[in-house]
Amino acid sequence: MMSSPDLLLKNVRPAGAGHDARRTVDILIRNGVIAGIGADLGAVDAPVHDAEGAYVSGGWMDMHVHLREPGFEHKETIATGAAAAAFGGFTAVACMPNTNPPIHTRDVVEFIRKKAESLAVDVHPIACVSKNRKGESIAEMADLKEGGAVAFSDDGDPVHNAKLMRIALDYASMLGMPIINHMEDLALSRPGHMHEGKVSARLGLAGTPSIAEDVMVARDILLSELTGGHLHVAHISTRGAVDLVRQAKAKGLKVTTEVCPHHFDLTDEEIERHPFDTNFKMHPPLRTQDDVDAMIEGLRDGTIDAICTDHAPHSIDEKEVEFIYAPNGIIGLETAWGVSVKRLLHTGVLTLDQLLDKLVAAPRRILNLPVPEIKVGATANLTLFDTDSTWTFTKAHIRSKSHNTPYIGSEMRGKALAIYNKGRFVTAG
């Protein structure tokens, strides 16, 4: 990371809505603000980075990560999570509250923000819906918002009590903030260790059925309609859930959703192809090809608003156990762009502008945060990237403290090259 309030980016192609990505320009940054955009800005008293024709967009945001701090620093810290984010091209993340203590009081929100002040990546805490994430009583939402929380969730677990969810949507609506729910009916899902289907039957593993997600999504959409509250469906994974969100949007309800790259890329058959490899164990679980197809359809038609990673670090000793005892989750910040370009851009599912919208603007619209712009006078919040490089993801690329990913050895398309944010320039080298 280089502190660089002044920087000249040469030979970049601005991409995203309102930009012609065929046009190569220079971007001059002064004191962290875009001071000039034009062809060959010439000699200036500032460090120079020649991007050699790479694209530049507003900085990407991952609105669903687990940074583990406080309490589980052996898995990840705010600093190592931010390093993984920067390598992956993200200038901002929103971190989930299943820490110890949980993000259920203002002091924990402020602790996280303080820890992130010196980092190049913006870290936005998502606070608990309920005190201690126990699902029994509402957290002090207004105080949490004043401390800097951007949304509310008990992620890691659902808000299982329907009355509590109704109250939460009411309160959050008054505050103008979304409730992000982990969509799982526990009575239907436990003790599932993978998707319930033909593969789980062949492997002899207890499965989590799709209906466990669908039932909770349906319940929460009804509560959103009743309260007028903004419901955000976390890490959607089933065809039924996508259909329910599509119907809710058609009715004009305040319902949004996100999907992880592994849910539009991998299926439950990977657990059979890589017998009981715990790096393929996550929640929601990898599902069927039909569900993957539904994620693709939802991204294409706009039902699915944002792409996130659900970055969930676990230490080696936690993951290297029998499949049924391993925790759910994989890291994803370093691989999100390579998988998304390969599966969505080069297949024609999304245009570059559409893909960038799901990584730049949509997450911030959902969380009511300013969307970075490439224009003179704007604060410089940028991601440099390409879409054509072919590379193999290895352990050497991992900046996270944990290595639990199924993508080691996988071919990627497109690479994040650098970020500029908060007066700091970080390359992926």
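In segment 337-378, if the dipole is taken from +1 on Lys/Arg beta carbons and -1 on Asp/Glu beta carbons about the Cα centre, which of PRO372, THR347, ALA361 is farthest to the positive end?
Result: THR347, furthest along the dipole toward the positive end.
Residue separation times 0.36 nm, minus the C-alpha to C-alpha distance between ALA142 and MET2: what's the value?
Details: separation 140, 0.36 × 140 = 50.40 nm, distance 3.69 nm.
Separation in residues times 0.36 nm, less the Cα-Cα distance, equals 46.7 nm.
Between segment 390-427 and segment 142-176, what's the alpha-carbon centroid distance in Å?
First find each Cα centre; the distance between them is then 33 Å.
From the phi angles alone, apply the Karplus equation (6.51, -1.76, 1.60; θ = phi - 60°) to segment 52-61 and give each ³J(HN,Hα) in whole Hz, x where the residue is Gly or Pro.
Calculated HN-Hα couplings, in order: 6, x, 5, 6, 9, 9, x, x, 6, 10 Hz.
Where the centroid of each part is defined by its Cα atoms, how far is segment 201-245 from segment 96-120 in Å?
28
Would you mind working out the magnitude of the charge dipole of segment 116-273 relative to its Cα centre, with +1 at each Lys and Arg C-beta and -1 at each Asp and Glu C-beta, to the nearest 20 Debye? It would help to have the intermediate numbers written out before the result.
Values: 16 positive and 24 negative charges, 97 e Å.
Dipole size: approximately 460 debye.
With angles folded into 0 to 90 degrees, how steeply does helix 239-250 sit against the dominant principal axis of the chain? Use alpha carbons for both and round to 10.
70
Grab the DSSP H runs of the chain that are 4 residues or longer, score each as -39,500 (n - 2.57), total them, divide by all residues and round the 222 nm result to the nearest 500 deg cm²/dmol. Let's see the in-between values first.
Working: 14 runs with 123 residues, N = 429.
Helices in the chain give a 222 nm mean residue ellipticity of -8000 deg cm²/dmol.
Distance cut-off 19 Å, Cα to Cα: go down the list LYS75/LYS395; LYS114/LYS395; LYS254/LYS358 and report the pairs above it. Numbers along the way, then the final one.
On the way: LYS75/LYS395 16 Å; LYS114/LYS395 30 Å; LYS254/LYS358 17 Å.
Violating the 19 Å limit, Cα to Cα: LYS114/LYS395.
Check which residues have an amide H placed less than 5 Å from HIS314's amide H, if you skip close sequence neighbours.
HIS403, ASN404
Once you order the gyration tensor axes a ≥ b ≥ c over the Cα atoms, which shape class does the chain get: rounded for a/c under 1.5, otherwise prolate or oblate by comparing a/b with b/c?
Details: a/c = 1.61, a/b = 1.38, b/c = 1.17.
Note, shape of the chain comes out prolate.
Could you check the simple spin-label distance between GLU411 and GLU322, using points 7 Å along Cα→Cβ, in nm with one decimal?
Simple spin-label model gives 3.8 nm for this pair.
Between ALA201 and ASP45, what is the label-point separation in nm under the 7 Å Cα-to-beta-carbon projection?
7.5
Find which of GLY204, MET174, GLY147 sits farthest along the positive direction of the dipole of segment 122-206, computed with +1 on the beta-carbon of Lys and Arg, -1 on that of Asp and Glu, about the Cα centre.
Among GLY204, MET174, GLY147, the one farthest towards the positive end of the dipole of segment 122-206 is GLY204.
Nearest 20 debye, what's the magnitude of the dipole of segment 278-404 about its Cα centre given +1 on Lys and Arg Cβ and -1 on Asp and Glu Cβ?
Numbers: 13 positive and 17 negative charges, 71 e Å.
Roughly 340 debye for segment 278-404.
What residues have an amide H closer than 5 Å to that of CYS308, excluding those fewer than 5 places away on the same chain, when H is modeled at 1.01 Å from N in the peptide plane?
Here VAL259, CYS260 satisfy the definition.
Using the Cα centre as the reference, give the magnitude of the dipole from point charges on the C-beta atoms of the chain (Lys, Arg: +1; Asp, Glu: -1; all else neutral), rounded to the nearest 20 debye. Present the calculation step by step, with values, prior to reporting the outcome.
On the way: 44 positive and 56 negative charges, 109 e Å.
About 520 debye.
Run the quick spin-label model on GLU272 and ALA21: label points 7 Å from Cα toward the beta carbon, then report their separation in nm to one decimal.
Here the modelled spin labels are 3.7 nm apart.
Convert each backbone phi in segment 6-14 into a coupling constant with the Karplus relation 6.51 cos²θ - 1.76 cosθ + 1.60 (shift: θ = phi - 60°), then list the ³J(HN,Hα) values in order as whole Hz, x for Gly and Pro.
Rounded to whole hertz, the list is 10, 7, 10, 8, 9, 6, 10, 10, x.
Work out the charge dipole of the chain with +1 on the Cβ of Lys and Arg and -1 on the Cβ of Asp and Glu about the Cα centre, then indicate which of ALA21, ASN100, ALA312 is farthest towards its positive end.
ALA21
Only bridges with both residues in the chain count here: give the DSSP antiparallel percent, nearest 5.
On the way: 29 of 55 bridges.
Percentage antiparallel, nearest 5: 55.
Please list 3J(HN,Hα) in residue order for segment 263-274, calculated via the Karplus relation 6.51 cos²θ - 1.76 cosθ + 1.60 where θ = phi - 60°; whole Hz, with x for glycine and proline.
These are the phi-based 3J(HN,Hα) values: 8, 10, 10, 10, 10, 5, 5, 4, 5, 7, 5, 10 Hz.
How high is the relative contact order of the chain? Use alpha-carbon pairs under 8 Å, at least six apart in sequence, and give a whole percent.
On the way: 1061 pairs, mean separation 85.5, N = 429.
Relative contact order comes out at 20 percent.
In degrees, nearest 10, range 0 to 90: what is the angle between the Cα axis of helix 289-301 and the longest Cα principal axis of the chain?
On a 0 to 90 degree scale, this one is about 50.
Answer rounded, prolate or oblate for segment 57-215, using the Cα gyration tensor with square roots of eigenvalues a ≥ b ≥ c: rounded when a/c is under 1.5, else prolate when a/b is larger than b/c, else oblate. Display every interim value, and only then the final one.
On the way: a/c = 2.03, a/b = 1.29, b/c = 1.57.
It comes out oblate by the Cα gyration axes.
Taking every eigenvalue of the Cα gyration tensor of segment 328-429, multiplying by 5 and rooting it, what semi-axes result, largest first, whole Å? Walk me through the intermediate numbers first.
On the way: eigenvalues 116, 59, 42 Å².
They are 24, 17, 14 Å, listed largest first.
Readers should treat all values here as calculations from the given coordinates under stated rules, not as data from a laboratory. From a predicted model like this one, the values you see are computed outputs, not experimental measurements. Heads up, the Cβs are rebuilt from the backbone with ideal geometry, glycines too, and the neighbour counts pull from every protein chain shown.
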